[in-house]
Amino acid sequence: MVVCILAGNAASLLLYAAPILTFARVIRKKSTEEFSCIPYILALSNCFFYTWYGLPIVSNRWENFPIVTINGFGILLECSFIAIYFWFTSAKKKVKVAATTLGVFAIFIVIAIVSTFIFHDHHHRKVFVGSVGLVASVAMYGSPLVVVKQVILTKSVEFMPFYLSLFSFLSSALWMAYGLLGCDLFLASPNLVGCPLGVLQLILYCKYKKRGVREEPSKWDVESNGDHDKSKQLQRVVDDHGADPKCSS
């Protein structure tokens, strides 16, 4: 049980931190390119609901303290990723990101108020918040699939981050074990869906990874190619000049 908790927290930490590489690229290129913000918004909603689920207001004392710690940290990371995406994306996408994120905040506030003031015991609060968290968790684990259509059409996994898919699978597998051992179906159930979805993403990645990520030419290559083209043009002018009968006379 303890091993599952520690391993699950470690895997979740890696899952939430996996987009760091993606956003390092976004910052470097100052563009979100074809990356989608949906996985990070859904991950934020999952972290909100499960942090609330683990707090003593919903759960019995601190029985689910490990869930609070890892998802609380996830909230900080996901908010940072969404802020970076918002900063570098186009004006049209900014409206969508803002609307979706504010929608998640609004839904969470409603769920928190209802669970606090409508339900008056831990059991019913856990059932209510756990049911909402279950839906949010399944959505989070399946969120990388939003780019599956693009992956299949382009036969490229450039915009489906590998580590996000890998750690999604590992995290769902370990938390499923934790939920089953602790007889908590609200933790185990979404991960029963998350595992197959993670496997599907990894299969797609393995199938199309050889197509690879398009590499941009370096400055040196561009300059070298430019010099090579100039040399060809100069050689062509010399040859034409030598072939001109007026010049030979």
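The values are calculated or read from the model by the stated rules, or taken from the named source; none is laboratory data. As the structure is a computational prediction, the values presented were derived from the model and not from experiment. So basically every Cβ, Gly included, is an ideal-geometry build from the backbone, and we count neighbours across all protein chains shown. Surface accessibility is based on the protein's heavy atoms, side chains included, excluding ligands, DNA and RNA. Shrake-Rupley method; radii C 1.70, N 1.55, O 1.52, S 1.80 Å.
Roll a 1.4 Å probe over the protein heavy atoms and report the accessible area of residue 178 in Å², nearest 10. Accessible surface of residue 178 is approximately 10 Å².
In terms of packing, defined here as the mean over residues of other Cβ atoms within 10 angstrom, the peptides 154-165, 79-90 line up highest first as 154-165, 79-90. Across segment 42-59, computed HN-Hα scalar couplings (Karplus, 6.51 cos²θ - 1.76 cosθ + 1.60, θ = phi - 60°) run 5, 5, 4, 4, 4, 5, 4, 5, 7, 5, 5, 4, x, 6, x, 5, 9, 7 Hz from first to last residue, x flagging Gly and Pro. In this simple spin-label approximation, residue 113 and residue 100 carry label points 7 Å from Cα along the Cα→Cβ vector, and these lie 2.5 nm apart. Note on residue 150 and residue 93: the model spin-label points, each 7 Å out from Cα along the C-beta direction, lie 0.7 nm apart. Between residue 57 and residue 6, the modelled label-to-label distance comes to 3.2 nm, taking each label 7 Å out from Cα in the direction of the beta carbon.
Hey, which of these cross-link pairs are over 18 Å Cα-Cα: 94/155; 30/94; 29/209; 29/96; 149/209? Where the Cα-Cα span goes over 18 Å, the pairs concerned are 94/155; 29/209; 29/96.
Panel values: segment 77-167, Kirkwood radius from alpha carbon pairs, Stokes-Einstein at 4 °C and 1.567 mPa s, translational diffusion coefficient 81 µm²/s. Between residue 55 and any residue 5 or more places off or on another chain, the built amide H atoms are never under 5 Å apart.
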